[in-house]
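K.L.:
Before anything else, here's the structure in question.
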Amino acid sequence: MTATPNGFNLDTSGRRIVVDPVTRIEGHMRCEVNVDEGNVIRNAVSTGTMWRGLEVILKGRDPRDAWAFTERICGVCTGTHALTSVRAVEDALGITIPDNANSIRNIMQLNLQIHDHVVHFYHLHALDWVNPINALRADPKATSELQQAVSPSHPLSSPGYFRDVQNRLKKFVESGQLGLFKNGYWDNPAYLLPPEADLMATTHYLEALDLQKEIVKVHTIFGGKNPHPNWLVGGVPCPINIDGVGAVGAINMERLNMVSSIIDLCNTFNRNVYIPDVIAIGGFYKNWLYGGGLSGQAVLAYGDIPEHPNNFDAGQLHLPRGAIINGNLNEVHDVDPRDPEQVQEFVDHSWYTYAEPGKGLHPWDGVTEPRYELGPKAKGTRTNIEELDESAKYSWIKAPRWRGHAMEVGPLARYVVGYAKGHEDIKNQVDGLLRTMNLPVSALFSTLGRTAARALESEYCGRLQKYFFDKLVTNIKNGDQSTANVEKWDPKTWPKEAKGVGMTEAPRGALGHWIRIKDGRIDNYQCVVPTTWNGSPRDTKGNIGAFEASLMNTYMERPDEPVEILRTLHSFDPCLACSTHVMSPDGDTLTTVKVR
Amino acid sequence: MPATEPSSILVLGIGNVLWADEGFGVRCVEALASAVALPERVRLLDGGTQGLYLLPFLEEADALLVFDAIDYGLEPGTLKLVRDDEVPAFMGARKMSLHQTGFQDVIATAQLLGRCPHKLTLIGCQPVELEDYGGGLRPQVAEAIPGALDLARAELAAWGVEIAAGRSAADLADPSIRRTAYEQGRPSAEEACRTGDARFFPGSL
């Protein structure tokens, strides 16, 4: 047994279970755990198996184009990466964007949060809790009664409606054509919902599909196109012509009205469907409070949604910034991503090497030099690892630390920071939810807490979206139609050397881009992405990362069916496909679960 | 127009341009947009790796033509065209329940909603190299683009589309990452290291 400095007792004596991949994060993510004779996880190892190398792509490019590259890193966080990138360049060059651009960027970022949270809950995470096959056994009339009890204001609740959905689902499942609900562990006793709740949630899965298509239209309106909306260093690329009619590209009243109606749709869905579902589904899993990991002791948020353009003072951000360490919720530290002592990346357990072992490097001084070697206890070969040796190097993810601490980032981290700081909206939401569910604050530090925080945040972001929409319209009506500041567009106006940092709260957590510019070109570019924080391996001192911590002491019903592992890891919303690799139809399986 | 001719067609390139031959699909759409003039009912789209974001575009279409890099187990650079029921099987890896939205899932979701295009055609190219982050198309794959466009023209013609020489409006990538700018602006291997995980960079062993 080994005790880690961050308070976990690791025991590697039990059976080893390998789940590969859990999902794709900048490549793949794999986890290995040891379970004891009672099927409780006593050691957890999380690894990313794809090399990170954005610096390779961006070196020597025009800093004003970096957003277009970073937008392609990931299939999910496109807009957030682009926003972080333009912020980093603006920070380096001292550019302040117009008020309208700040409001529009905030609306786009909030819109992306809501989209991501809704899609994550219904389409990527719900099936860890909801069993769509069981929904086929539901009584539509009882489902209708459940729906009306759970959310009286939601109009789609008749027995006939649920019967139709059930029939559609039945036809779909019987056609056997599809992958959507394939490979689930549908007879696993970890699934606890009655058929009616399964039918209700599966129905909302379909409703959310329709909603998400509407949500993204905001990106088409402000970004000119979607997918891959346009971004601009110095502002936003959409001109405003408020009296224009049907003009190509320009924002006019007609388009703003469309944005307004989409914001209303989001708010209605959050209020009538998303939050009631989390409460209803969560109610059946109230005793499944595993998965807290680092959330009660070490969390980090950079904060986001600035009230004023390019002003990232903690007091000016609607999504809170701060760091909590050692479980002391009474003290929230401010975070400065420029400070070389705060954010540092370590590589002692990562497949990289630094000139000085054991030392952490600030991203501005980041070095990405690969050193691929397996530890002596690893099993398999260099090209086919059967079992990792976590006492040596074992991941392509670096280990970022805040003042040496492993941190959790993401919606729960933001909500813990906000709650600890007494952020009024967040505190009211959290207290209200806990009261409704009759749960203590400590229940927040769990897999379900993470999932609930995401839902609350979606609701809060919806309100903020409305706030910035009104602010934008007021400003335009007062005669300000400016959306871009191009004073420093020309590289001739730039200093010979400059460095900057861009921060956002991506849906899955704190995201930072650090840039160095030299002679008008990118000299170094480092992204520390949320999944790097959460999925980090051990560090020099032996602290385990957030994924690893969250799996500790979880009971598994059937170790060869890792529902519980997936449930907890998915609750972090780890980044998805960064490249859509394709397989032959008889296909090599990418998914394996091995019990050794 | 005969009843079998689709009234709305989506031509989609998918894949991640940052991963060498993964960019095949997106580059085909770029090439098609600058080679032919297509009527308004044909929409050209760079879909990237956008998963569910692409759903609304599918739902609006009666027919879907997709370009993608596909591992058919054929000689690198070989083109293969499959249609309709065969398409989903060729796209997207097997997965652990619904946690990775590959394009296969997007098609399945459109089917679940009962709003999937009636006609599906996939023009795939066997890649040479997928694991070179920051790299461009390998020569065999780049040389396959004209053939892929010929297949696309024939397919579109069969769907009753009139094709003229010229250019088409399309939702394409930002100019900084279109093929020429992207591939020519790459830093040298000396400036920016390209080796990595042996599982994905077997050449580096």
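The values are calculated or read from the model by the stated rules, or taken from the named source; none is laboratory data. These numbers were taken from a predicted model, which means no experiment stands behind them. Using ideal geometry, Cβ is built from the backbone for each residue, glycine included, and neighbour counts are taken over all protein chains shown.
K.L.:
Is there a residue in segment A:178-195 that is assigned to a helix (DSSP H, G or I), more than 12 Å from every other protein chain (Cβ to nearest Cβ), over 17 Å from residue A:277 (Cβ atoms) and modelled with pLDDT under 95?
P.N.:
Among the residues of segment A:178-195, not one is assigned to a helix (DSSP H, G or I), more than 12 Å from every other protein chain (Cβ to nearest Cβ), over 17 Å from residue A:277 (Cβ atoms) and modelled with pLDDT under 95, which makes the answer no.
K.L.:
Within the set of pairs 6 or more residues apart or between chains, which connect a residue that is among the acidic types (Asp, Glu) inside segment A:199-215 to a residue that is part of a helix (DSSP H, G or I) with Cβ atoms less than 8 Å apart?
P.N.:
From residues that are among the acidic types (Asp, Glu), the pairs are A:207/A:269; A:207/A:273; A:214/A:262; A:214/A:265.
K.L.:
Just checking, does segment A:564-582 include any residue being modelled with pLDDT under 95, within 14 Å of chain B (Cβ to nearest Cβ), over 25 Å from residue A:119 (Cα atoms) and surrounded by fewer than 24 Cβ atoms within 10 Å (Cβ to Cβ)? Let's see the steps before the verdict.
P.N.:
Keep residues of segment A:564-582 that are modelled with pLDDT under 95, which gives A:564-582.
Next, only the ones that are within 14 Å of chain B (Cβ to nearest Cβ) stay: A:564-582.
From what is left, the residues that are over 25 Å from residue A:119 (Cα atoms) are none.
No, that holds for no residue.
K.L.:
Take residue B:130 and decide whether it is within 7 Å of chain A (Cβ to nearest Cβ), in contact with a helix residue (DSSP H, G or I) (Cβ under 9 Å, 6 or more places away or on another chain) and at pLDDT 85 or above.
P.N.:
Here the answer is no, as residue B:130 does not meet what is asked.
K.L.:
Go through (1) touching a residue at least 12 places away in the same chain (Cβ under 8 Å); (2) surrounded by fewer than 22 Cβ atoms within 10 Å (Cβ to Cβ); (3) assigned to a helix (DSSP H, G or I); (4) among the polar types (S, T, N, Q) for residue A:481 and report which single condition fails.
P.N.:
Against the list (1) touching a residue at least 12 places away in the same chain (Cβ under 8 Å); (2) surrounded by fewer than 22 Cβ atoms within 10 Å (Cβ to Cβ); (3) assigned to a helix (DSSP H, G or I); (4) among the polar types (S, T, N, Q), residue A:481 comes up short only on (3).
K.L.:
Looking at segment A:367-414, which of its residues are of a type in the set (Gly, Ala, Ser) and away from every other protein chain (no Cβ under 14 Å)?
P.N.:
Just the residues of segment A:367-414 that are of a type in the set (Gly, Ala, Ser), to begin with: A:375, A:378, A:380, A:391-392, A:395, A:399, A:404, A:406, A:410, A:413.
Those that are of a type in the set (Gly, Ala, Ser) and away from every other protein chain (no Cβ under 14 Å): A:375, A:391, A:392, A:399, A:404, A:406, A:410, A:413.
K.L.:
Collect the residues in segment B:158-196 that are surrounded by fewer than 18 Cβ atoms within 10 Å (Cβ to Cβ), among the small types (Gly, Ala, Ser) and modelled with pLDDT of 85 or more, keeping them in residue-number order.
P.N.:
Within segment B:158-196, B:158, B:160, B:164, B:165, B:166, B:169, B:181 qualify.
K.L.:
Among all residue pairs at least 6 apart or on different chains, which show Cβ distances below 6 Å where the first residue, located in segment B:58-86, is within 11 Å of another protein chain (Cβ to nearest Cβ) and closer than 12 Å to residue B:128 by Cα and the second is aromatic (Phe, Trp, Tyr) and surrounded by fewer than 24 Cβ atoms within 10 Å (Cβ to Cβ)?
P.N.:
Here the result reads B:70/B:90, each pair linking segment B:58-86 to a residue that is aromatic (Phe, Trp, Tyr) and surrounded by fewer than 24 Cβ atoms within 10 Å (Cβ to Cβ).
K.L.:
Restricting to segment B:20-57, and then to whatever is within 11 Å of chain A (Cβ to nearest Cβ), out of contact with any strand residue (DSSP E or B) (no Cβ under 6 Å at 6 or more places or on another chain) and of a type outside the set (Ser, Thr, Tyr), can you tell me which residue is nearest to residue A:214 (Cα to Cα)?
P.N.:
B:56
K.L.:
Would it be correct to say that residue A:277 is surrounded by fewer than 21 Cβ atoms within 10 Å (Cβ to Cβ) and outside any strand (DSSP E or B)?
P.N.:
Values: surrounded by fewer than 21 Cβ atoms within 10 Å (Cβ to Cβ): no; outside any strand (DSSP E or B): yes.
Considered against the rule, which asks whether it is surrounded by fewer than 21 Cβ atoms within 10 Å (Cβ to Cβ) and outside any strand (DSSP E or B), residue A:277 comes out as no.
K.L.:
So if I check each of A:329, A:300, A:289, which one is outside any loop (DSSP other than H, G, I, E, B) and in contact (Cβ under 8 Å) with a residue 60 or more places away in the chain?
P.N.:
On the way: A:329 fails: outside any loop (DSSP other than H, G, I, E, B); A:289 fails: outside any loop (DSSP other than H, G, I, E, B).
Exactly one of A:329, A:300, A:289 is outside any loop (DSSP other than H, G, I, E, B) and in contact (Cβ under 8 Å) with a residue 60 or more places away in the chain, namely A:300.
K.L.:
Let me ask something else about it. Taking segment A:73-124 only, how many residues are assigned to a loop (DSSP other than H, G, I, E, B), of a type in the set (A, V, I, L, M) and under 26 Å from residue A:452 (Cβ atoms)? Write out each step before concluding.
P.N.:
Taking segment A:73-124 and keeping what is assigned to a loop (DSSP other than H, G, I, E, B), we get A:73-77, A:94-98.
Applying the additional criterion that residues be of a type in the set (A, V, I, L, M) yields A:73, A:76, A:95, A:97.
Remaining after also requiring under 26 Å from residue A:452 (Cβ atoms): A:76.
Counting residues in segment A:73-124 that are assigned to a loop (DSSP other than H, G, I, E, B), of a type in the set (A, V, I, L, M) and under 26 Å from residue A:452 (Cβ atoms) gives 1.
K.L.:
Give the residues of segment A:222-264 that are closer than 19 Å to residue A:461 by Cβ, hydrophobic (A, V, I, L, M, F, W, C) and within 14 Å of another protein chain (Cβ to nearest Cβ), sorted by residue number.
P.N.:
Matches in segment A:222-264: A:262 only.
K.L.:
Suppose we filter segment A:396-437 for residues that are surrounded by fewer than 24 Cβ atoms within 10 Å (Cβ to Cβ), part of a helix (DSSP H, G or I) and aromatic (Phe, Trp, Tyr); how many remain?
P.N.:
1
K.L.:
Looking at (1) small (Gly, Ala, Ser); (2) out of contact with any helix residue (DSSP H, G or I) (no Cβ under 6 Å at 6 or more places or on another chain); (3) at pLDDT 95 or above, which one does residue A:462 not meet, given that it meets all the others?
P.N.:
(2)
K.L.:
Only one of A:351, A:364 is more than 28 Å from residue A:86 (Cα to Cα) and either at pLDDT below 95 or among the aromatic types (Phe, Trp, Tyr) (or both); which?
P.N.:
That would be A:351, the only listed residue that is more than 28 Å from residue A:86 (Cα to Cα) and either at pLDDT below 95 or among the aromatic types (Phe, Trp, Tyr) (or both).
K.L.:
Counting just the residues of segment B:1-19 that are within 8 Å of chain A (Cβ to nearest Cβ) and among the β-branched types (Val, Ile, Thr), which one comes out nearest to residue B:138 (Cα to Cα)? Don't jump to the end; show me each part of the working.
P.N.:
Of all residues in segment B:1-19, those within 8 Å of chain A (Cβ to nearest Cβ) come to B:14-19.
Checking which are among the β-branched types (Val, Ile, Thr) leaves us with B:14, B:17.
Details: B:14: 17, B:17: 12 Å.
Checking each candidate, the answer is B:17.
K.L.:
When only residues in segment A:72-118 that are under 14 Å from residue A:513 (Cα atoms) and among the hydroxyl-bearing types (Ser, Thr, Tyr) count, which is surrounded by the most Cβ atoms within 10 Å (Cβ to Cβ)?
P.N.:
If we take residues in segment A:72-118 being under 14 Å from residue A:513 (Cα atoms) and among the hydroxyl-bearing types (Ser, Thr, Tyr), then A:85 is surrounded by the most Cβ atoms within 10 Å (Cβ to Cβ).
K.L.:
Mind listing whichever residues of segment A:216-246 are within 21 Å of residue A:103 (Cα to Cα) and without any contact (Cβ under 8 Å) to a residue 24 or more places away in the chain?
P.N.:
Of everything in segment A:216-246, those that are within 21 Å of residue A:103 (Cα to Cα) and without any contact (Cβ under 8 Å) to a residue 24 or more places away in the chain turn out to be A:220, A:225, A:226, A:230, A:243, A:244.
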